[in-house]
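To start, the structure itself, in structure tokens.
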Amino acid sequence: MSKFGEEWTRGFRDMLTEAGGRAIEDAKMSGAEIDAMYVGTMAPGSLVGQEHIGALVADYMGLTPIPSTRCEAACASGGVALRQGYMAVASGIHDCVAVGGVEKMTDTPGDEIASALGGAGDQEWELFMGATFPAIYAFTARRHMLEYGTTEEQMAAVAVKNHANAAKNKYAHFQNEITIDTVMKSKYVASPLKLFDCAPITDGAAVVVLMPLDKAKKVCEQPIEITASTQASDYLALHSRESMTSLNATKVAAKKAYEQAKVSVKDIDIVEVHDCFTIAEIMAIEDLGFFPKGQGGPASAAGKTALNAEISVNTSGGLKGCGHPVGATGIKQAVEVVWQLRGTAGARQVKDAKVGMTHNVGGSGATAVVHIMKNDA
């Protein structure tokens with residue numbers, strides 16, 4: 001990873017090149033061994049005026065003339081890129097693939113960022129009518145509160161926990177712990193969501209290297225195996241969906257992932273979920289099967305998702321604490337799970353972590369990508 005945050009002195013290509021160099025070094029190999037590259041990024045054209053990202057990355061990482069492909073699925077761009085790289089290696093088309101995610105966001109005025117991100121929803125029926133993503137997720141939060149009695153304090157507990165984890169992560173955007181009172185006294189962005197319920201605007205990049213497991217064992221000291229890679233879709237507009245309090249794409253992708261990896265939800269030791277807003281984490285831990293529907297809020301408030309609790313959720317700090325450079329998030333999640341399964345996560349290490357999961361969402365839930373990984377040692 002590169003450091004996540006407001007990186008005023010570094011550009012789009014600088015951050016991805018830094019993360020890519022670290023990934024290649026970690027894999028104990030040279031760039032010359034990489035056959036192809038997939039890059040997840042959502043809106044570089046709108047945010048930094050740069051398109052043709054695949055070629056740009058191959059150029060600046062010194063990887064020409066290998067094929068390099070940009071992947072876009074809103075905030076799930078990184079997860080989709082990881083899945084494309086996984087399929088390229090699993091199919092035998094490529095032996096060694098680099099997969100990256102990157103976004104440079106903080107150089108752009110806030111209203112332009114909101115417009116660019118809002119395009120991940122239904123532009124005609126939502127964004128054009130003034131419903132940016134804080135408003136969309138505020139709708140889901142209000143409905144969740146109505147149906148299940150979820151409270152603002154329970155949502156605040158998600159933010160407090162994720163900041164506590166981020167404070168132990170040197171790559172995180174936020175390095176400070178907060179309290180329930182801090183969250184509750186912050187200003188409303190879209191009621192009931194307040195400033196501290198929302199993930200920040202962040203710059204950053206992350207890269208992983210993939211190859212067949214038997215080859216990885218000959219190269220890398222601690223290879224981590226991807227045992228499931230799944231993706232599902234739903235209606236783009238929130239009003240078209242069956243439920244406002246559940247993401248069907250998440251449930252479908254998770255079910256397929258558990259089947260593919262031949263594990264159950266009880267086997268998962270660590271999960272990085274897509275907490276673009278605190279209510280999103282609550283819905284995610286329900287839709288992934290960790291808690292019954294409606295119990296995500298009480299579970300969060302009771303500390304059941306804290307480090308080394310019933311299920312360790314967002315040990316990196318999540319999108320809320322570690323930051324959310326949208327195209328990089330899905331890859332950052334994978335990097336965190338790898339560190340956890342290797343036992344190298346330091347102060348935020350989950351004890352005896354063997355199986356991990358990532359959950360990356362595009363828009364308000366029209367795309368969901370789930371990966372399951374294990375330590376094959």
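Output the helices (runs of 4 or more DSSP H) that fall wholly within region 79-182 and possess 1 or more residues being at pLDDT 95 or above and either of a type in the set (Asp, Glu) or within 23 Å of residue 368 (Cβ to Cβ) (or both), or say none. Outline the logic, then answer.
On the way: elements: 110-118, 133-148, 152-166.
In region 79-182, 133-148, 152-166 are the helices (runs of 4 or more DSSP H) which contain 1 or more residues that are at pLDDT 95 or above and either of a type in the set (Asp, Glu) or within 23 Å of residue 368 (Cβ to Cβ) (or both).
Scanning for something closer than 18 Å to residue 117 by Cβ and over 20 Å from the mean Cα position of the chain (by Cα), does region 249-269 turn up at least one residue? Reasoning before the result, please.
If we filter region 249-269 for residues that are closer than 18 Å to residue 117 by Cβ, which is where we start, we get none.
Within region 249-269, none of the residues are closer than 18 Å to residue 117 by Cβ and over 20 Å from the mean Cα position of the chain (by Cα).
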How many residues of region 146-168 are touching an Asp or Glu at 6+ places or on another chain (Cβ under 8 Å) and farther than 14 Å from residue 281 by Cα? The answer is 2
Margin query: Quick check on residue 207: is it more than 20 Å from the chain's Cα centre (by Cα), in contact (Cβ under 8 Å) with a residue 12 or more places away in the chain and at negative phi?
Written below: no
Pairing a residue in region 272-289 that is within 13 Å of residue 139 (Cα to Cα) with any residue that is aliphatic (A, V, I, L, M) and in a strand (DSSP E or B), where Cβ atoms lie under 6 Å and the two sit 6 or more apart in sequence or on different chains, gives 277/193
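Condition check ((1) touching a helix residue (DSSP H, G or I) at 6+ places or on another chain (Cβ under 9 Å); (2) under 26 Å from residue 26 (Cβ atoms)) across all residues:
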residue: 222; (1), (2): yes, yes
residue: 246; (1), (2): yes, no
residue: 252; (1), (2): no, no
residue: 256; (1), (2): no, no
residue: 265; (1), (2): yes, no
residue: 271; (1), (2): yes, yes
residue: 280; (1), (2): yes, no
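It is to be established whether one or more residues within region 193-202 are part of a helix (DSSP H, G or I), free of Cβ contacts under 8 Å to residues at least 12 places away in the same chain and surrounded by fewer than 19 Cβ atoms within 10 Å (Cβ to Cβ).
Step one: list which residues in region 193-202 are part of a helix (DSSP H, G or I), which gives 195-197.
Among the residues that remain, those that are also free of Cβ contacts under 8 Å to residues at least 12 places away in the same chain are: 195.
Still in the list and also surrounded by fewer than 19 Cβ atoms within 10 Å (Cβ to Cβ): 195.
The answer is yes; a qualifying residue exists.
Take region 171-192 and flag every residue that is out of contact with any Phe, Trp or Tyr (no Cβ under 7 Å at 6 or more places or on another chain) and touching a residue at least 40 places away in the same chain (Cβ under 8 Å).
Of all residues in region 171-192, those out of contact with any Phe, Trp or Tyr (no Cβ under 7 Å at 6 or more places or on another chain) come to 174-177, 179-181, 184-185, 187-192.
Scanning region 171-192 gives 174, 189, 190, 191, 192.
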When restricted to 282, 268, the only residue farther than 24 Å from residue 226 by Cα and of a type in the set (A, V, I, L, M, F, W, C) is 282
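Could you please let me know if residue 318 is buried (at least 24 other Cβ atoms within 10 Å of the Cβ), under 19 Å from the mean Cα position of the chain (by Cα) and in contact (Cβ under 8 Å) with a residue 12 or more places away in the chain?
Working: buried (at least 24 other Cβ atoms within 10 Å of the Cβ): yes; under 19 Å from the mean Cα position of the chain (by Cα): yes; in contact (Cβ under 8 Å) with a residue 12 or more places away in the chain: yes.
The answer is yes for residue 318.
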Problem - residue 56 of a type outside the set (Gly, Ala, Ser), in contact with a strand residue (DSSP E or B) (Cβ under 6 Å, 6 or more places away or on another chain) and either more than 30 Å from residue 136 (Cβ to Cβ) or in a helix (DSSP H, G or I) (or both) - result: no
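With the requirement that a residue be surrounded by fewer than 24 Cβ atoms within 10 Å (Cβ to Cβ) and out of contact with any Ser or Thr (no Cβ under 7 Å at 6 or more places or on another chain), what does region 351-374 give you?
As a first pass, look at region 351-374 and keep what is surrounded by fewer than 24 Cβ atoms within 10 Å (Cβ to Cβ): 351-355, 373-374.
Those that are surrounded by fewer than 24 Cβ atoms within 10 Å (Cβ to Cβ) and out of contact with any Ser or Thr (no Cβ under 7 Å at 6 or more places or on another chain): 351, 352, 353, 354, 355.
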Exactly one of 103, 72, 112 is touching a helix residue (DSSP H, G or I) at 6+ places or on another chain (Cβ under 8 Å), surrounded by 24 or more Cβ atoms within 10 Å (Cβ to Cβ) and over 24 Å from residue 215 (Cα atoms), and that residue is 103
When every residue in region 203-244 that is among the basic types (Lys, Arg) and assigned to a helix (DSSP H, G or I) is compared, the one surrounded by the fewest Cβ atoms within 10 Å (Cβ to Cβ) is 218
By residue number, the members of region 326-351 that are part of a helix (DSSP H, G or I) and either without any contact (Cβ under 8 Å) to a residue 12 or more places away in the chain or touching a Phe, Trp or Tyr at 6+ places or on another chain (Cβ under 7 Å) (or both) are 339
Scanning region 296-309 residue by residue, those more than 23 Å from residue 339 (Cα to Cα) and without any contact (Cβ under 8 Å) to a residue 60 or more places away in the chain turn out to be 299, 302
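The values are calculated or read from the model by the stated rules, or taken from the named source; none is laboratory data. Please read all numbers here as calculations on a predicted model, not as lab measurements. With ideal geometry, Cβ positions are generated from the backbone for all residues, glycine too; neighbour counts draw on all protein chains shown.
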